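What follows is a short report on a single structure.
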Amino acid sequence: MTDFEIALPEALTKELETKYFWWEPVGSPRSCARILAQAMDMAPFEEVRRLETAIGAGALADLMLHAQPGWLSDRSWEFWRGRLALATGRTLPEEPPRRSFDAPAL
């Protein structure tokens, strides 16, 4: 897990979690970063514009730089990478983070 956290308004956090998670959290509650990443991965275009306005392109780009493997699909990653690189002027990785395994350690 990453120590990265993002601040979201409580009402928005609850709304996004209700809309984009249909299963109960396992263990501890979901982080705001995880909730936002799920919304970024699944949101229709109207919600994309809303997230950009409410949270800002810089914070969304920060989330991408700290995303965990599996948070964003390849398709969503490419979509957001293009939008946020243009909006912020920042360079974002071409591919989302991937899981890696150290076979000798297994």
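Structure notes:
- Shown for the chain is the translational diffusion coefficient from the Stokes-Einstein equation, using the Kirkwood radius over Cα pairs, a temperature of 20 °C and a viscosity of 1.002 mPa s: 148 µm²/s.
- For the range 1-35 versus the range 47-106, the gap between their alpha-carbon centres in whole angstrom: 16 Å
- Extension gain, SER73 back to ARG90 (0.36 nm per residue minus Cα-Cα distance, nm): 4.1 nm
- Local net charge near ASP74, Cβ-Cβ under 14 Å (Lys/Arg +1, Asp/Glu -1): 0
- Helix-only CD estimate at 222 nm, as mean residue ellipticity for the chain, using -39500 (n - 2.57) per DSSP H run (n ≥ 4): -17000 deg cm²/dmol
- Calculated from backbone phi, Karplus (6.51, -1.76, 1.60) coupling profile of the range 70-84 in Hz, x at Gly/Pro: x, 6, 10, 5, 4, 5, 5, 4, 5, 4, 5, 4, x, 5, 6
- Mean Cα-pair separation over length for the chain, i.e. relative contact order, pairs under 8 Å, 6 or more apart, %: 26 percent
- Label separation (VAL26 vs ARG83): 2.9 nm, computed from points 7 Å beyond Cα along the C-beta direction.
- FRET efficiency for the ASP3 to GLU46 pair, using the beta carbon distance and R₀ = 41 Å, is estimated at 0.80.
- Stretchable slack from LYS19 to THR53, in nm (0.36 nm times residue separation minus alpha-carbon distance): 10.4 nm
No value in this document is a laboratory result; all are computed from the given coordinates. Given the structure is predicted, the values throughout are model-derived calculations rather than measurements. Cβ sites come from the backbone with ideal geometry, for glycine too, and all protein chains shown count toward neighbours.
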